[in-house]
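Reading through the structure tokens given below for one structure.
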Amino acid sequence: MIIDARKISWVRSDHTVLKNVDWQVRQGEHWSLVGLNGSGKTTLLKMINGYIWPTSGKLTVLNRPFGTCDLRELRKKIGWVSSALSEKIRPGERPEAIVLSGKFASIGLYEQPSPAERAMAYELLHKLGCKSFENRPFGLLSQGEKQRVLIARALMADPELLILDEPCNGLDLFAREQMLSIIAELANSPETPSMIFVTHHVEELLPCFEHTLLLKAGTVFKSGPTGEVMTPEIMTAFYDHRVSVQRQGRRLSVALNDDAAMESKF
Ligand code: ADP
């Protein structure tokens with residue numbers, strides 16, 4: 001089991017941020033975690049990575065129950081790619097060194113990598129479509145290019161879980177589609193660990209994320225196979241707005257119904 005959350009809650013003073021969250025992610029499953037801003041996604045991810053502990057409930061990540069495992073060791077097995085990570089990378093750092101640093105779970109590169117490790121770093125950079133800018137300093141890369149380097153870095157540690165935290169944030173339409181097709185390709189590869197794709201944009205959901213958890217105001221609104229969760233009825237109740245769910249190719253997309261869009265506009 002990758003994640004086994006049983007009725008976990010997180011309470012801060014009088015504010016319940018997460019309430020009775022149940023979530024089971026099994027080996028090989030790819031999930032999307034969907035919630036509006038403030039729904040508790042980041043708090044849940046922090047808990048999965050052992051930065052905060054549940055106030056109540058039981059959480060087991062990668063078969064290591066909290067309280068009995070070395071959290072630093074656990075974190076080495078989880079690749080968490082987020083904009084917060086991107087901000088920690090020095091602008092002058094080159095992609096090769098950034099990817100190699102993933103092996104040592106550090107931000108800078110403090111150990112001498114072996115030729116095999118170097119070869120693996122380049123292989124990952126190429127897999128993530130970074131060949132044309134593999135020698136360019138990080139600070140000069142576009143948002144999408146940075147994300148790709150950071151995903152390669154996360155894979156360098158051979159993680160058992162890969163968390164892609166809003167990977168399309170700040171990307172234009174074309175960079176977003178490019179990022180999504182790279183993620184879809186990753187999902188096709190048997191070496192890729194279970195992935196969690198975190199977003200508040202439902203139109204980004206790829207078919208490879210065959211399970212979805214909808215988080216609303218700190219509670220699980222619905223979770224299960226994406227096709228069963230993303231129905232017009234469920235999504236209308238989730239957003240408190242009438243929405244329609246369309247299928248575009250193999251991708252589902254949710255749109256505000258015209259009159260609902262007008263209501264929210266005025
Ligand atoms: P999301 O990632 O979905 O935008 P967050 O997990 O960041 O949501 O936040 C969920 C809610 O919990 C927000 O209302 C936020 O203000 C609150 N929150 C987050 N961290 C803390 C904290 N340390 N203390 C109190 N409230 C918090």
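The values are calculated or read from the model by the stated rules, or taken from the named source; none is laboratory data. Only a predicted model underlies this, so the values are computations on that prediction, with no experimental measurement involved. For neighbour counting, all protein chains shown are included, and Cβ atoms are generated from backbone atoms with ideal geometry for every residue, glycine included. To get the accessible areas, we keep the full protein, side chains included, count just its heavy atoms, and leave off ligands, DNA and RNA. Shrake-Rupley method; radii C 1.70, N 1.55, O 1.52, S 1.80 Å.
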Amide H contacts under 5 Å for K222, placed H, 5+ residues apart: L214
Around C130, under 12 Å between beta carbons, what's the net of Lys plus Arg minus Asp minus Glu among the other residues? +3
Of the residues L33, L140, L213, which exhibits the maximal mean-square fluctuation in a Gaussian network model of the chain defined by a 10 Å Cα contact cut-off? L140
Taking the alpha carbon gyration tensor of segment 1-107, what are the square roots of 5 times its eigenvalues, largest first, to the nearest whole Å? 27, 17, 14
For the chain, set up a Gaussian network in which alpha carbons nearer than 10 Å are linked by springs, and say which option among D240, D165, D14 fluctuates the most. D14
Counting alpha carbon pairs within less than 8 Å and at least 6 residues apart, what relative contact order, in whole percent, applies to the chain? 23 percent
Take the alpha-carbon centre of segment 48-67, take the same for segment 109-133, and report the distance between them in whole Å. 32 Å
If you build a Gaussian network model of the chain, linking Cα atoms that sit under 10 Å apart, which residue out of E96, E185, E111 swings the most? E111
In the full protein assembly as shown, how much of C208 is accessible to a 1.4 Å probe, in Å² to the nearest 10? 30 Å²
Beta bridge orientation in the chain: antiparallel %, DSSP, nearest 5: 60 percent
About its Cα centre, how strong a charge dipole does segment 79-158 have in debye, to the nearest 20, once Lys and Arg get +1 and Asp and Glu get -1 at the Cβ? 180 debye
So if I restrict to the alpha-carbon atoms in the chain, what is the Rg, and what is Dmax, the biggest pairwise distance, in Å? 18.9, 61
Nitroxide proxy distance, nm - points 7 Å out along Cα→Cβ at K46 and A84: 0.6 nm
The chain, dipole about Cα centre (Lys/Arg Cβ +1, Asp/Glu Cβ -1), debye to the nearest 20: 560 debye
So what is the relative contact order of segment 1-111, in percent, for Cα pairs below 8 Å that sit 6 or more residues apart? 24 percent
Rounded to the nearest 500, the 222 nm mean residue ellipticity computed for the chain from DSSP H runs (n ≥ 4, each -39500 (n - 2.57)) alone is -10000 deg cm²/dmol
Probe 1.4 Å - accessible area at E87, Å² to nearest ten: 150 Å²
Among K88/K127; K46/K103; K46/K77; K103/K127; K19/K146; K41/K127, which pairs are too far apart, with a Cα-Cα distance over 25 Å? K19/K146; K41/K127
